[in-house]
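I have placed the structure first, in the form of structure tokens, so that the comments after it can refer back to it.
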Amino acid sequence: MKELFKPIEINSLRIKNRIAMPAMHLGYCENGFVTDRLVDFYEERAKGGAGLIIVGGCAIDHHGYPSMIKIDDDKYIPGLSRLTEAVKKHGAAISAQLFQAGRYSYSFMFGVEPVAPSPVPSKLTRQTPRELTGDEVLEMIEAFGTSALRAKQAGFSAVEVIASAGYLVSQFLSPITNLRRDRFGGELENRMLFGIEVAKNIRQKVGPDYPVFFRVGGNDFMPGGNTNDEIRLFCVELEKAGVDAINVTGGWHETLVPQITMGVPRGNYVYLATRIKQMVNIPVIACNRINDPVLAESILFDGLADMVGMARGLIADPELPLKAAQGRINDIRRCVGCNQGCLDTVFTGGKVSCLVNARAGREFELQTSPPVRLKNVLVVGGGPAGLEAARVAAGRGHRVTLWEKSGSLGGQLNIASIPPGRQEFSLLVDYFAYQMKELGIQVELNKEATVENVLEFGADAVIVATGASPISPPIQGSDGGNVVQAWDVLASEVNTGGKVAIIGGGAVGCETALFLACKGTISPETMHFLALNRAETWERLVELASRGIKEVTIIEMRRSAGADMGQSTRWTVLQELHRYGVKVITGAVADEITASGVYIKKGEQRELVEADTVVMAVGSRPESSLCELLKERVKEIYMVGDAVSPRKALDAVYDGFTAGEVL
């Protein structure tokens with residue numbers, strides 16, 4: 001890890017290592033003011049060893065989101081100063097990211113009309129912004145400059161402008177959203193002018209020695225938008241305008257190319273930063289889907305970038321840098337890219353949390369402490385809730401034994417990691433397995449708990465994490481030999497025929513459909529080999545990669561499939577279903593199952609969906625009977641995870657943490 005922990009100097013700022021935490025909206029602020037929750041969150045990341053922490057976005061005017069940091073008035077400086085002091089005292093540098101949403105602003109949140117370079121409607125907000133006048137453009141440039149000066153006064157080590165993701169600066173840069181006829185519109189040279197003038201204004205305000213960064217999208221990934229070629233030219237001009245570093249992410253929020261979901265390969269967009277680095281002489285930060293310090297080290301060692309950005313990686317484990325520096329790689333709790341607690345929460349106006357780290361955003365609230373009395377604890381169930389409960393309890397000093405009735409740890413995480421693009425869930429299983437060994441937890445596999453053996457064990461406290469089991473709905477013919485459960489399909493415990501009907505279009509049904517639809521498609525490695533050797537046409541390669549040997553149909557009674565998925569993931573899954581040729585029938589009820597398939601009803605119509613195999617994916621029920629039988633016979637008993645109620649893995653881990661802490 002020599003490159004990762006080598007200091008770097010950016011203008012007058014010396015950063016102790018090459019790990020940056022990019023800005024991410026957290027939802028922790030109140031009316032723009034810094035809160036204790038925000039300070040605690042970032043201070044823990046500073047303690048954990050991050051070199052540079054970029055906070056934000058920090059709204060430069062009244063268009064910021066309600067729970068976002070504001071920096072458009074001096075009244076916010078005391079809180080911002082408290083934040084910078086808390087971070088800097090642990091040796092980390094801290095930058096404020098200056099934010100203006102442009103057409104991504106919501107009028108219903110602020111009571112003000114969104115403004116933008118041109119009145120081009122936004123698919124994200126479903127609103128049409130008002131075009132900025134020439135004078136308002138100059139005022140906006142000035143607002144960036146005065147906000148940057150305010151950041152300097154508040155003690156920030158540097159300032160960053162967000163010129164990515166489809167926000168205001170990138171709206172000026174893009175031919176899609178900039179239709180202006182004045183000097184700020186037209187050819188690329190003119191469209192770059194707004195961002196360049198922002199950089200110059202900031203430089204004039206903060207002086208020559210204060211570090212100024214720009215966060216750019218390395219490619220808009222929007223039809224008709226800027227590619228990496230245009231962005232490279234923009235970065236060259238930014239360097240001339242006095243910018244000290246370029247922070248490179250991917251495309252706009254509206255792009256149909258996934259950016260940071262689990263299915264995106266690790267380090268997928270490093271190439272965008274690398275191509276920009278070839279054009280400039282200032283440091284370049286590579287971002288997106290970098291959750292592993294080994295990968296980060298290789299990026300730096302190969303000269304692909306000068307720093308690496310780990311936003312969600314540091315949400316998942318604030319101590320990632322310290323653990324990496326100490327060689328404790330297996331002890332790192334890696335981000336799995338699920339988006340359940342972060343992006344999905346942001347898009348619904350909530351506060352960021354984390355599936356793998358129950359303490360994220362609750363650093364003060366959820367502090368582990370030594371127990372009053374050490375106990376002999378039995379955990380029944382080795383899924384995410386049980387494993388987290390065991391980890392926390394053992395970490396506090398309790399003697400912990402865990403029973404798992406199957407032959408492996410992980411529970412439904414093992415099933416969740418099987419569908420294409422969902423493999424990262426296995427990282428959490430690996431982490432838990434390592435913790436069981438490190439903490440000396442007695443793990444007994446293939447051990448099914450009964451009332452008798454639990455009572456015989458004689459634990460001081462029992463944590464029941466027995467999970468859930470799949471539901472078999474009362475459909476005529478559902479007991480037929482051609483009917484199987486989705487969990488068994490994903491676990492490869494049953495075979496399916498060439499035509500498959502899946503009853504249930506929630507997350508499990510959709511992911512099972514993708515799993516089956518990919519059977520017979522070529523692997524990424526094969527596609528790479530064939531493409532490089534021009535063995536097949538591009539059209540045939542796409543066909544080979546996206547058309548398998550099975551015909552798969554989803555039957556969903558609701559109006560749309562994937563309704564129980566997070567907003568940031570659902571659209572990618574639906575896009576994949578279409579790409580792999582999965583037929584999705586919505587608004588339909590399964591009426592009868594026969595050897596020929598499934599008869600469905602849509603209104604008054606009844607029709608047959610032909611299928612050799614019918615897969616049930618209609619939900620699950622809690623396995624709570626053990627707890628019910630024990631609760632009057634065990635003094636201290638807790639039930640956690642899906643045994644309480646089937647929910648997301650995020651809820652299961654949180655349940656496990658709180659149970660392990662309360663003992």
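Bear in mind that the values in this text are calculations on the coordinates, not laboratory data. Bear in mind the structure is a predicted one, so any value in this text is a computation, not a measurement. Positions of Cβ are generated from backbone atoms using ideal geometry, with glycine treated the same way; all protein chains shown enter the neighbour counts.
Which semi-axes, in whole Å and largest first, does the equivalent ellipsoid of the stretch 231-351 have when worked out from the alpha carbon gyration tensor as the square roots of 5 times its eigenvalues? Write down the numbers at each step before the final one.
Values: eigenvalues 127, 80, 30 Å².
Semi-axes, largest first: 25, 20, 12 Å.
Annotation: amide H of Asn226 within the under-5 Å range of Asp220, sequence separation 5 or more or interchain, hydrogens built in the peptide plane. Straight-line cross-link partners of Lys351 among the aspartates and glutamates, defined as a Cα under 12 Å from its Cα and at least 8 positions apart when in the same chain: Glu30.
Any chance you could check the Cα centroid distance between the stretch 442-517 and the stretch 520-585 for me, in angstrom? So the two Cα centres are separated by 25 Å.
In this structure, the amide hydrogen of Val609, modeled 1.01 Å from its nitrogen in the peptide plane, lies closer than 5 angstrom to those of Val598, Tyr599, Ile600, counting only residues at least 5 positions away or on a different chain. Taking every DSSP bridge with both residues inside the stretch 8-347, close to 15 percent are antiparallel.
The phi torsions of the stretch 72-89, fed into the Karplus equation with coefficients 6.51, -1.76 and 1.60 and a -60° offset, translate into couplings of 9, 8, 5, 5, 8, 4, x, x, 5, 5, 4, 5, 5, 5, 5, 6, 5, 5 Hz, rounded to whole numbers, with Gly and Pro shown as x. Remark on the stretch 31-130: ratio of C-alpha radius of gyration to 2.2 N^0.38 Å is 1.24. The relative contact order of the stretch 483-618 comes to 37 percent, based on Cα pairs under 8 Å that sit 6 or more residues apart. Please report the antiparallel percentage of the DSSP beta bridges confined to the chain, to the nearest 5. Among the beta bridges of the chain, antiparallel pairing accounts for roughly 20 percent. Simple point charges give the picture: +1 on the Cβ of Lys and Arg, -1 on the Cβ of Asp and Glu, and for the chain a dipole about the Cα centre of about 840 debye.
Let me know the shape class of the stretch 380-469, please: from the alpha-carbon gyration tensor, a ≥ b ≥ c as square roots of the eigenvalues, rounded when a/c is under 1.5, otherwise prolate if a/b is greater than b/c, or oblate. It is oblate, given that a/c is not under 1.5 and a/b is not larger than b/c.
Counting only aspartates and glutamates at least 8 places from Lys583 when in the same chain, those with an alpha carbon closer than 16 Å to its own are Glu511, Glu551, Glu556, Glu607, Glu610, Asp612. Rounded, prolate or oblate: pick one for the stretch 483-618, where a ≥ b ≥ c are the square roots of the eigenvalues of its C-alpha gyration tensor, a/c under 1.5 means rounded, and failing that, prolate if a/b is larger than b/c, else oblate. Since a/c reaches 1.5 and a/b is larger than b/c, the shape of the stretch 483-618 is classed as prolate. Please tell me which of these pairs span more than 19 angstrom C-alpha to C-alpha: Lys70/Lys240; Lys89/Lys152; Lys6/Lys200; Lys550/Lys648; Lys47/Lys323; Lys2/Lys89? Among Lys70/Lys240; Lys89/Lys152; Lys6/Lys200; Lys550/Lys648; Lys47/Lys323; Lys2/Lys89, the Cα-Cα distance tops 19 Å for Lys70/Lys240; Lys6/Lys200; Lys550/Lys648; Lys2/Lys89. Distance from the C-alpha centroid of the stretch 360-431 to that of the stretch 55-120: 37 Å, rounded to the whole angstrom. The share of C-alpha pairs in the stretch 8-347 whose separation exceeds 28 Å stands at 35 percent. Mean sequence separation of contacting Cα pairs (under 8 Å, at least six apart), scaled by the length of the chain, corresponds to a relative contact order of 11 percent. Less than 5 angstrom separates the built amide H of Ile637 from those of Val462, all sequence-distant by 5 or more or on a different chain. Here the 3J(HN,Hα) profile of the stretch 318-335, calculated from phi with Karplus coefficients 6.51, -1.76 and 1.60 at θ = phi - 60°, is x, 8, 3, x, 4, 5, 5, 5, 8, x, 8, 4, 5, 8, 7, 8, 7, 4 Hz, Gly and Pro shown as x. For the chain, the spread of Cα coordinates along the three principal axes comes to 75, 64, 53 Å, biggest extent given first. Each residue of the stretch 466-483 is assigned a 3J(HN,Hα), and the resulting list reads 7, x, 9, 10, x, 8, 10, x, x, 9, 4, x, 5, 9, x, x, 9, 9 Hz, derived from the Karplus form 6.51 cos²θ - 1.76 cosθ + 1.60 (θ = phi - 60°), x at Gly and Pro. Here the peptides 157-169, 238-250 are ranked by packing, the mean other Cβ count within 10 Å, and the order with the highest first is 157-169, 238-250. In straight-distance terms, cross-link reach from Lys375 covers every one of the lysines whose alpha-carbon lies under 25 Å from its own, apart from those fewer than eight places away in the same chain; here that gives Lys405, Lys437, Lys447, Lys631, Lys635.
For the chain, build the charge dipole from Cβ charges (+1 Lys, Arg; -1 Asp, Glu) around the Cα centre, then report which of Ile94, Tyr654, Ala389 sits farthest towards its positive end. Working it through, the farthest residue towards the positive pole turns out to be Ile94. The antiparallel fraction among DSSP beta bridges confined to the stretch 539-663 stands at about 75%.
Estimated from helices alone, the mean residue ellipticity of the chain at 222 nm is -9500 deg cm²/dmol (sum of -39500 (n - 2.57) over DSSP H runs with n ≥ 4, per residue).
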